[in-house]
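What follows is one structure encoded as structure tokens, with my remarks underneath.
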Amino acid sequence: MTSDRTPIRFAARLAVAVFALLLAAPLVAEGGAPGARALIEETVVEVLGILRDDSRTEAKRRADLEALAEQRFDFRTMSRLVLARNWKRLSAEEQEEFVVEFTQYLANDYGERIERYDQEEVEILGEQAEPRGDVTVKTKIVGGENDGALVAYRMRKRGEEWKIIDVVIEGISMVANFRDQFRDVMGREGPSALLGKLREKNAKESMPADA
Amino acid sequence: MRRACAGLALLALVSAVGGGARADEEVALPLVQADVDEREAQDGGGASKDPWEGMNRKIFAFNEGVDRWFLEPVATGWDWAVPEPVQRSIGNFFDNLWLPVRFANDALQLKPRDAYETLWRAVINSTVGIGGLFDPASAWTVVKSDEDFGQTLGAWGVPPGPYLVLPLLGPSSPRDTVGLVVDRAGYVPSYFVPFYVSLSAAGTDIVNERAGALEDIRAEREAAFDFYTAVRSAFIQYRENRVRDRADDPAEDEDEDGLYYYEDEDDF
């Protein structure tokens, strides 16, 4: 015990600690926030932790997943990307409402589906720089029914933090898929119809979930 | 092999086999010409790749009807009656029969490594895997080839052409339709077994495959704002990605397409 306090020992410990910090440094990008890849790694661990925690009720698991998604995704950017040029056809209030409703819609839809993924593991394959500073983090699902499926996360830096702005499953971009659908609805029926559909879907979803 | 893809990818493929989806009410509504022009002006994906949309939507609605009233109920019964491991073995069995076609397409795309692995997969699964019922090869070989002749044509530089929905067979393109016909012609068992056996085998394969996607397709239908468009968008992206061999998106495409950028982005 006391020998630990000798100056030599103390210096050795300090050296080890500094060395460990240096090793850890690449994992932590500028400003102390984790890099894109580390963030996805962390998120995967958290999501699987929630999915596999039987001590939480289903409703609790869902709420925890939603709270996590709220931190990790940039739903405002996603809203603008899926609406593309049509964003400007919405009034300021409609834009705000769209962001809220679309976020809720994604939460309902994916929250329900992800419940079935508790058997899978996720392998991080690597990351790739994209134009204008974005980063794509590539992952692969291991095990389960979708063994081998490639899932990529498009990340953008918002302030200090990386945020997910698209999920690309086997080459199918979620943003592109919704953009194509919303363009059809906006072209045929206009903004208020699109908002109406979103509200309708969300209302339908929230009823059984509360019961 | 179709099991190796998630969510929408699964949907796109299973639709391609089993044929389609229920039509939303708005499917039949005619498009105003001005909207079509505006849509086409907007970006490269989706609408501009579907000049036959009117006809495609009708066929899609028909396929949806067939699925809703026939295939889905049958597959639901199948899923209830046939245990999961048996379903998996049936899927493996049919996958194994297609391996010669995969091998030929690996070779035609000049991918010796994939061709070699496909050959080994066929040998291992046909022997150790008892005629293809089991898939021990997946534990040993790296590449699970999913090449078809549509992709081979793509690799040779043939463009897919417009989006095309085939009756019963589902989403496709002129290129992939040619691919389907060529792959079918190369499917060895059809030359060795009587016609009615082939037919009932194909039926079993389709029902079994559809049974594996009951929940996925139900979820996609429920979630979609316009199911026709959702499937089209997913299918086109999925096939492009397959032809690229799941490699990375070329960056220049992305800038043209503008998928990830919007005006005032820098105001953030």
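Tell me, which helices (runs of 4 or more DSSP H) wholly within the stretch B:62-131 include 3 or more residues that are over 21 Å from the mean Cα position of the chain (by Cα) and surrounded by fewer than 21 Cβ atoms within 10 Å (Cβ to Cβ)?
Numbers: elements: B:72-81, B:84-97, B:99-108, B:112-127.
Per the criteria, B:72-81, B:84-97, B:112-127.
Have a look at B:Gln237, B:Gln151 and point out the one that is surrounded by 17 or more Cβ atoms within 10 Å (Cβ to Cβ) and either more than 30 Å from A:Arg76 (Cβ to Cβ) or among the hydrophobic types (A, V, I, L, M, F, W, C) (or both). Show your work before the answer.
Values: B:Gln237 fails: either more than 30 Å from A:Arg76 (Cβ to Cβ) or among the hydrophobic types (A, V, I, L, M, F, W, C) (or both).
Every option except B:Gln151 fails the conditions.
Going by the conditions given, is B:Val193 over 29 Å from B:Trp69 (Cβ atoms), more than 9 Å from every other protein chain (Cβ to nearest Cβ) and at pLDDT 95 or above? Spell out how you get there, then give the answer.
Details: over 29 Å from B:Trp69 (Cβ atoms): yes; more than 9 Å from every other protein chain (Cβ to nearest Cβ): yes; at pLDDT 95 or above: no.
Here the answer is no, as B:Val193 does not meet what is asked.
Determine if the stretch B:162-173 includes at least one residue that is part of a helix (DSSP H, G or I), open to solvent by less than 20 Å² (accessible area, probe 1.4 Å), at negative phi and in contact with an Asp or Glu (Cβ under 6 Å, 6 or more places away or on another chain). Break it down stepwise before answering.
Going through the stretch B:162-173, the residues part of a helix (DSSP H, G or I) turn out to be none.
The answer is no; no qualifying residue exists.
Consider B:Arg2 carefully, then state whether it is modelled with pLDDT under 60, closer than 28 Å to B:Val123 by Cβ and surrounded by fewer than 19 Cβ atoms within 10 Å (Cβ to Cβ). Give the steps one after another, and end with the answer.
Numbers: modelled with pLDDT under 60: yes; closer than 28 Å to B:Val123 by Cβ: yes; surrounded by fewer than 19 Cβ atoms within 10 Å (Cβ to Cβ): yes.
It is true that B:Arg2 is modelled with pLDDT under 60, closer than 28 Å to B:Val123 by Cβ and surrounded by fewer than 19 Cβ atoms within 10 Å (Cβ to Cβ).
Before we move on, is B:Leu199 surrounded by fewer than 19 Cβ atoms within 10 Å (Cβ to Cβ) and more than 27 Å from A:Glu115 (Cβ to Cβ)?
Answer is yes for this residue.
Touching a helix residue (DSSP H, G or I) at 6+ places or on another chain (Cβ under 7 Å) and among the aliphatic types (A, V, I, L, M): does that describe B:Ile90? Can you show your working first?
Details: touching a helix residue (DSSP H, G or I) at 6+ places or on another chain (Cβ under 7 Å): yes; among the aliphatic types (A, V, I, L, M): yes.
Spelling it out, B:Ile90 is indeed touching a helix residue (DSSP H, G or I) at 6+ places or on another chain (Cβ under 7 Å) and among the aliphatic types (A, V, I, L, M).
Given the conditions (1) more than 8 Å from every other protein chain (Cβ to nearest Cβ); (2) open to solvent by 20 Å² or more (accessible area, probe 1.4 Å); (3) in contact with a strand residue (DSSP E or B) (Cβ under 6 Å, 6 or more places away or on another chain), which single one is not true for A:Ala193?
With respect to (1) more than 8 Å from every other protein chain (Cβ to nearest Cβ); (2) open to solvent by 20 Å² or more (accessible area, probe 1.4 Å); (3) in contact with a strand residue (DSSP E or B) (Cβ under 6 Å, 6 or more places away or on another chain), A:Ala193 is out only on (3).
So which residues in the stretch B:221-252 are under 18 Å from the mean Cα position of the chain (by Cα), under 25 Å from A:Arg113 (Cα atoms) and at pLDDT below 90, if there are any at all?
Of everything in the stretch B:221-252, just one residue is under 18 Å from the mean Cα position of the chain (by Cα), under 25 Å from A:Arg113 (Cα atoms) and at pLDDT below 90, namely B:Arg246.
Determine if the stretch A:153-163 includes at least one residue that is surrounded by 18 or more Cβ atoms within 10 Å (Cβ to Cβ), hydrophobic (A, V, I, L, M, F, W, C) and touching a helix residue (DSSP H, G or I) at 6+ places or on another chain (Cβ under 6 Å).
Checking the stretch A:153-163: at least one residue is surrounded by 18 or more Cβ atoms within 10 Å (Cβ to Cβ), hydrophobic (A, V, I, L, M, F, W, C) and touching a helix residue (DSSP H, G or I) at 6+ places or on another chain (Cβ under 6 Å).
Looking only at the stretch B:134-181, which residues are within 24 Å of B:Asp50 (Cα to Cα) and aliphatic (A, V, I, L, M)? Walk me through how you get there before you give the answer.
To start, the set of residues in the stretch B:134-181 that are within 24 Å of B:Asp50 (Cα to Cα) comprises B:148-181.
The answer is B:Leu153, B:Ala155, B:Val158, B:Leu164, B:Val165, B:Leu166, B:Leu168, B:Leu169, B:Val178, B:Leu180, B:Val181.
Restricting to the stretch A:16-63, count the residues that are open to solvent by less than 50 Å² (accessible area, probe 1.4 Å), at pLDDT 75 or above and of a type in the set (A, V, I, L, M, F, W, C).
Total satisfying the criteria: 9.
In the stretch B:78-87, which residues are farther than 20 Å from B:Ala219 by Cβ and without any contact (Cβ under 8 Å) to a residue 12 or more places away in the chain? I'd like the intermediate steps shown before the answer.
Taking the stretch B:78-87 as the starting set, the residues that turn out to be farther than 20 Å from B:Ala219 by Cβ are B:81-83, B:85-86.
Within the stretch B:78-87, B:Ala81, B:Pro83, B:Pro85, B:Val86 qualify.
Being part of a helix (DSSP H, G or I), open to solvent by 10 Å² or more (accessible area, probe 1.4 Å) and within 12 Å of chain A (Cβ to nearest Cβ) is true for just one of B:Glu209, B:Glu222. Which residue is that? Step through it out loud before you land on a result.
Working: B:Glu209 fails: within 12 Å of chain A (Cβ to nearest Cβ).
Sole residue among the options that is part of a helix (DSSP H, G or I), open to solvent by 10 Å² or more (accessible area, probe 1.4 Å) and within 12 Å of chain A (Cβ to nearest Cβ): B:Glu222.
May I ask you to verify whether A:Ile165 is closer than 23 Å to A:Tyr105 by Cβ, without any contact (Cβ under 8 Å) to a residue 12 or more places away in the chain and not hydroxyl-bearing (Ser, Thr, Tyr)?
Values: closer than 23 Å to A:Tyr105 by Cβ: yes; without any contact (Cβ under 8 Å) to a residue 12 or more places away in the chain: no; not hydroxyl-bearing (Ser, Thr, Tyr): yes.
When the stated conditions are applied, A:Ile165 does not pass them.
Can you give me the number of residues within the stretch A:134-149 that are more than 9 Å from chain B (Cβ to nearest Cβ) and buried (at least 19 other Cβ atoms within 10 Å of the Cβ)?
Qualifying residue count for the region: 3.
Does A:Phe73 satisfy the criteria of being touching a Lys or Arg at 6+ places or on another chain (Cβ under 8 Å) and crowded, with 17+ Cβ neighbours inside 10 Å?
Values: touching a Lys or Arg at 6+ places or on another chain (Cβ under 8 Å): yes; crowded, with 17+ Cβ neighbours inside 10 Å: yes.
Against the criterion (touching a Lys or Arg at 6+ places or on another chain (Cβ under 8 Å) and crowded, with 17+ Cβ neighbours inside 10 Å), A:Phe73 qualifies.
Of all residues in the stretch A:101-132, which are farther than 24 Å from B:Ala223 by Cβ and open to solvent by less than 50 Å² (accessible area, probe 1.4 Å)? Reasoning before the result, please.
Quick first cut of the stretch A:101-132, residues farther than 24 Å from B:Ala223 by Cβ only: A:121, A:123-132.
Those that are farther than 24 Å from B:Ala223 by Cβ and open to solvent by less than 50 Å² (accessible area, probe 1.4 Å): A:Ile124, A:Gly126, A:Gln128, A:Glu130, A:Pro131.
Of everything in the stretch B:135-148 that's among the aliphatic types (A, V, I, L, M) and open to solvent by 60 Å² or more (accessible area, probe 1.4 Å), which residue is farthest from A:Glu145 (Cα to Cα)?
Our first condition is that a residue be among the aliphatic types (A, V, I, L, M); within the stretch B:135-148, this holds for B:137, B:139, B:142-143.
Then drop every residue that is not open to solvent by 60 Å² or more (accessible area, probe 1.4 Å), which leaves B:139, B:142.
Details: B:Ala139: 15, B:Val142: 17 Å.
Of everything passing the filter in the stretch B:135-148, B:Val142 is farthest from A:Glu145 (Cα to Cα).
Identify, by number, the condition in (1) within 15 Å of the chain's Cα centre (by Cα); (2) under 20 Å from A:Glu70 (Cα atoms) that A:Val122 doesn't meet.
Evaluating A:Val122 over (1) within 15 Å of the chain's Cα centre (by Cα); (2) under 20 Å from A:Glu70 (Cα atoms) leaves (2) as the failure.
The values are calculated or read from the model by the stated rules, or taken from the named source; none is laboratory data. None of these values were measured; they are calculated from a predicted model. Every residue, glycine among them, receives a Cβ derived from its backbone with ideal geometry; neighbour counts consider all protein chains shown. Protein only, heavy atoms only, side chains kept; ligands, DNA and RNA dropped before computing areas. Shrake-Rupley method; radii C 1.70, N 1.55, O 1.52, S 1.80 Å.
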